[in-house]
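Worksheet for the structure shown next.
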Amino acid sequence: MKELPIACDMTALNAAQREHQQVLMRKFHGSIQETEGLDDGYAFRLEADAATILAAAEFITIECLCCPFLTFELTVGPVGDPLWLKVSGRAGVKEFIEAEFGVG
């Protein structure tokens, strides 16, 4: 499999998707309760409610279109457990996440 470049392909999204991506990014930032640095990316503890779970899944779906080099893991545990979204990838991706997601 060809290694994908570490760069957003904004042509993968239409205008409505780009606008919605920005709304989802604001929701994502607003629901972060903790950020944990990993060797290959970051893990974000989010509010563990149904609306955040749905928004996180939608966020992943849109981000996969324009940033196919990222790996996403959404961990939803039993009721009362935290919700974690891990965003990671190969060498260089952690720095991309820091710049694009405003963490680090």
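Here are some notes:
- Matching entry among Asp49, Asp9, Asp81 (being of a type in the set (Asp, Glu), touching a residue at least 40 places away in the same chain (Cβ under 8 Å) and farther than 14 Å from Phe101 by Cα): Asp9
- Extreme residue, surrounded by the fewest Cβ atoms within 10 Å (Cβ to Cβ), among residues of segment 1-53 that are basic (Lys, Arg) and modelled with pLDDT under 95: Lys2
- Residue tally, condition of a type outside the set (Ser, Thr, Tyr), assigned to a helix (DSSP H, G or I) and farther than 11 Å from Leu85 by Cα, over segment 12-63: 23
- The lone exception for Val103 - which of (1) part of a strand (DSSP E or B); (2) of a type outside the set (Lys, Arg); (3) in contact with a Phe, Trp or Tyr (Cβ under 6 Å, 6 or more places away or on another chain); (4) in contact (Cβ under 8 Å) with a residue 60 or more places away in the chain it fails: (1)
The values are calculated or read from the model by the stated rules, or taken from the named source; none is laboratory data. Because the structure is predicted, anything quoted here is derived from the model rather than measured. Heads up, the Cβs are rebuilt from the backbone with ideal geometry, glycines too, and the neighbour counts pull from every protein chain shown.
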